[in-house]
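J.: One structure follows; several queries about it will come next.
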Amino acid sequence: MGYNLFIDGCLMLAAYFIYLAQAIIRNQQKGTKVNWKTEEIIVAIAGILALIIGADFTVTATEKIVSILGIAKLVGGLFLTSTLSIIPEVFATWSVAKSGKFTAATTSVIADNTATMTLAFFPLALVSLPVENIKLYSVNLFFVALLGVFYSLFIYFGKPKYSFYFKEVLVLNSIYIIYLLVMIFGVLK
C-alpha cells in the first residue's frame with residue numbers, strides 16, 4: 001500500500017514540474033533585473049516565518065474548534081483550515097483584481113490550486129497517507145480538473161488571447177460555487 005502511494009506522490013510531483021515547465025517556457029517575456037534592498041529581504045523572511053507560524057496556529061486552532069464543536073475533522077479541515085489558509089491569497093488576489101487585472105488575479109488562484117493538488121500532496125504520499133473517503137477525493141479532483149479545463153479553454157480560445165473577460169471569471173467562480181454546493185449537499189451530507 002505504501003509503495004503505491006509513494007508512486008502516486010511521485011506522479012503528482014512530476015505533474016507539478018510539467019505544469020511549471022510549460023508555464024516558464026510558454027510565451028516567455030524578457031525578464032527584468034530586480035535589486036532587493038536589505039530591508040526588503042528582512043521583510044520577505046519575516047513574512048515567510050509569519051506564514052509558517054500562522055499555518056501551525058491555524059491547524060492547531062482548527063483541531064481545538066473541531067473538538068469543542070464535535071464536528072468531523074474532515075469538515076473542519078475543508079471549511080476552517082482551508083478558509084484560513086487562503087486569506088493571504090484572497091487579499092493579494094483582491095488587490096490585483098480591483099486594479100482591473102482579472103487575468104492576473106484568476107491566474108494566481110488557478111496556479112495556487114494546481115500547486116496544492118500536485119506539490120502539496122507529495123509529502124502526504126511519502127508518509128503513506130491513504131485516501132479514506134474516495135468520494136470526497138474524487139469530487140475534489142473532478143472540480144480541480146474542471147476548473148483547469150475551463151481556464152485553459154478561456155485562455156487559449158478567448159478574445160483577447162491569453163486574457164479573461166469578466167464573464168469568464170464569473171463562469172470560473174460559478175464552477176467553484178457549484179463545487180461548494182455539491183460538497184455541502186452531496187458529499188458531506
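J.: Taking amide H positions as placed in the peptide plane 1.01 Å from N, state which residues far from Ile71 in sequence (5 or more) or on other chains have amide H under 5 Å from it.
T.: So Ile71 has HN proximity to no qualifying residue.
J.: Output wanted: per-residue J couplings in Hz (rounded whole) for segment 144-153, from phi through Karplus 6.51 cos²θ - 1.76 cosθ + 1.60, θ = phi - 60°, x for Gly and Pro.
T.: Computed from phi, the couplings for segment 144-153 are 5, 5, 4, 4, x, 5, 5, 4, 4, 4 Hz.
J.: Just to be sure I understand the model, the point goes 7 Å from the Cα along the line to the Cβ. What's the resulting Ile18 to Val149 distance in nm?
T.: Result for the modelled spin labels: 1.6 nm.
J.: Give, in nm to one decimal, the length gained when the segment between Ala55 and Ile87 is fully stretched (0.36 nm per residue of separation minus the Cα-Cα distance).
T.: Residue separation times 0.36 nm, minus the Cα-Cα distance, leaves 10.4 nm.
Only the coordinates and a few stated rules stand behind these numbers; no lab work does. No experiment lies behind these values; they were computed from the predicted model shown. Virtual Cβ from ideal backbone geometry, glycine too; neighbours counted across all protein chains shown.
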